Structures are given as C-alpha cells and as structure tokens.
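Just below is one structure, and these are the notes that go with it.
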Amino acid sequence: MATARSIASLSLGFGLVSIPVRLYSATEGSATVHFNLLSKEGERVKQQYVSATDPQKVVPRAEMVKGYEFEKDRFVIFKPEELKALEEGASHLIDIVAFIPADAVDPIYYDKPYYLAPDKRGGKPYNLLKKAMLESGRCALAKWAWKSKQYVVQVRAKEEGLILQQLLYADEVRSLEDLDIEQLEPSASELKLALQLIDQISQESYEPAMFEDEEKKRILAAIDAKIAGEEIVAAEHPEDAAGGQVIDLAEMLKASLARNSTSGPQVRTAAPKRSASPPAVAPLRSVSSKAKRAPKVPEKAEAPAPSRARMKK
C-alpha cells in the first residue's frame, strides 16, 4: 500500500488545549470494473459541454467558470482564487463540545471516517486525550468546517490512535417509521429455532479479511471468458423466486439447522491470493453450438489486446 499522505493540518481543541494534528483518509475505494462508452464500431466517444441557450456551441473546459445563481438565470461569477479563498477561510479547528459514552452514536449516522495523527509538538497532548477517552469509555463530539460545510464529528480513541468520523445531520437520515413496517409477533417455537440458528453460526468478532468482493471476481472472470470468445449468459438464481411463496417458517428454520450441522461451520477463512490464471466462471453456461461468438473487430479499428490491463481502474 502506498505511503499515507495527510490531507490537511488541523487543530483539535480540548478545553483550552490546542492539539496540532494531521488528517488522513481512513478508507480507499477498491478499483471497480469500468466499462468504456464506445460507438457501435468500437471507437471511443467523448463528452462535451454545450451552451444551454445555443446547443450548437461547444464550451471547452478551459473557458468554463463557476457561478452562483442568486435569481432565476442570473449568476454571480467567482474567480478560481476567490473560490480557493472561500475554502481556505474556514477554521482549521476541530472544536470538541461534549464527551458522550463511546457507543452512544447510532452507526446509521456515520459518514466518512478519517484518521488523526499528532503533528509537530502534538504528541504529548494527543496521547493524553487518547488515554483519557479510553479510560473514561467516552468519545468526543466536535464541530468541524471542511470544504464549505460544517460537520458534526465523533472523535473516538483506539490504542493505535484517534479516529475522526463525520456524522450525518438528523435531517439527512430517514426514519424507519416512515416505512410503516407491519409488526408481527413470532410464535415461541419459531423464536426458539431462530435463536438456535443464530447461536449455530455466531462469531465473537468481525474479521474484515474473511470477506472479499465475490461479485467483482465473477464479473472479471466473465470478461476473461468474453475475451476468449464465449457468450455471456445470465446466471439463474432459483433462490430468488422463493421470496413470494408461502412457506412453513418453522420447517425452513429446522432445515437450515440441519444443513449447517451436516456441512460443518459456515465461517469462511480469508481467500488465498489470486493465481495468475483466471478463476472459473461459475455463472457462465457452456456456449451452445448456436451461440454467437464475439464479433470480429473491423480492420479499420484497433483491435483490443486480449487482456484486462487496458481497463480503467
């Protein structure tokens, strides 16, 4: 993994103590499978911006500016340096306003997470705050202005350091009550079976390395097959059709318990590293004699290399 780069230099306000910190992104998106937009002849296409009043007028990016609409079709134009000044004019202080129990925030309010690390001369107060929060069992609520918006954030402590978690505002989270979910009481026998099933496949902790993006692997394997000239056929999922059927819930729970008993633990271990050869394509069916092969690329167009290396990440 590449060396972490800080996003910003900030201050964490703890009473009258100001702790210099550096902000780091805590997550990185995995490369998605990207499909390019092409013409029917296999040529790349590109996007252009046109004037709303004159659709025949193409506006190059170099000639675009940003503006704010203060009245219908009336804009005030901002220069790049003015936009930069607006962003840099925000306070660099993460201002702690309260300490609450560490598990008091419902995870549904969690937004983007960041790491905080001590900056120069910030090591001692940083570690003091971290240890105090760990021993008190509390996290901090703070206000933080970032990129033209003020956030409520949670600062929580781990032995390794501090995590800053952006939180959503109340009006950004929908209520489950809006869905008017019907509340049905299960029978005692059904509840007992459900508790047995939960106990049978329970774990004591979450291990992120146990999971991988199986859907991405499936699509990449299908792309390998397509490059080899096979036809892509949608997989059948008979389990999806059972959703609307009337079933005996207790019998299904018993069958689930029996299946797990005979097949052993369902907990998966971390998947081995991907081998050089592409994995088997589970959802692909054998190409029938009537199936069409991938069309040949016209001579005038450049034929793609038989590899995914050219795909954008």
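Residues in the range 122-145 that are surrounded by 16 or more Cβ atoms within 10 Å (Cβ to Cβ) and either within 9 Å of residue 102 (Cα to Cα) or more than 30 Å from the chain's Cα centre (by Cα) (or both): 122, 125, 133, 138, 139, 140. Residues considered: 196, 203, 165, 183. Of these, the only one that is outside any loop (DSSP other than H, G, I, E, B) and either loosely packed, with under 12 Cβ neighbours inside 10 Å or out of contact with any helix residue (DSSP H, G or I) (no Cβ under 7 Å at 6 or more places or on another chain) (or both) is 165.
Can you confirm whether residue 84 is open to solvent by 100 Å² or more (accessible area, probe 1.4 Å) and closer than 30 Å to residue 152 by Cβ? For residue 84, the condition - open to solvent by 100 Å² or more (accessible area, probe 1.4 Å) and closer than 30 Å to residue 152 by Cβ - is met. Only a single item in (1) without any contact (Cβ under 8 Å) to a residue 24 or more places away in the chain; (2) open to solvent by 70 Å² or more (accessible area, probe 1.4 Å); (3) touching a strand residue (DSSP E or B) at 6+ places or on another chain (Cβ under 9 Å); (4) outside any helix (DSSP H, G or I) is not met by residue 53, and it is number (3). Pairs linking a residue in the range 72-95 that is farther than 24 Å from residue 8 by Cα and part of a strand (DSSP E or B) to a residue that is open to solvent by 100 Å² or more (accessible area, probe 1.4 Å) and among the hydroxyl-bearing types (Ser, Thr, Tyr), with Cβ atoms under 6 Å and 6 or more positions apart or on different chains, are 76/68. Somewhere in the range 52-65, is a residue under 24 Å from the mean Cα position of the chain (by Cα) and modelled with pLDDT under 95? Looking through the range 52-65, none of the residues is under 24 Å from the mean Cα position of the chain (by Cα) and modelled with pLDDT under 95. From the residues in the range 7-43 that are among the hydroxyl-bearing types (Ser, Thr, Tyr) and at pLDDT below 90, which one is surrounded by the most Cβ atoms within 10 Å (Cβ to Cβ)? The selected residue is 32.
Evaluation of residue 189 against the conditions (1) in contact with a strand residue (DSSP E or B) (Cβ under 7 Å, 6 or more places away or on another chain); (2) assigned to a helix (DSSP H, G or I); (3) surrounded by fewer than 16 Cβ atoms within 10 Å (Cβ to Cβ) shows that the sole unmet condition is (1).
The values are calculated or read from the model by the stated rules, or taken from the named source; none is laboratory data. Keep in mind that what you see is a predicted model, and the values were worked out from it rather than measured. Virtual Cβ from ideal backbone geometry, glycine too; neighbours counted across all protein chains shown. Only protein heavy atoms, including side chains, enter the accessible area calculation; ligands, DNA and RNA are left aside. Shrake-Rupley method; radii C 1.70, N 1.55, O 1.52, S 1.80 Å.
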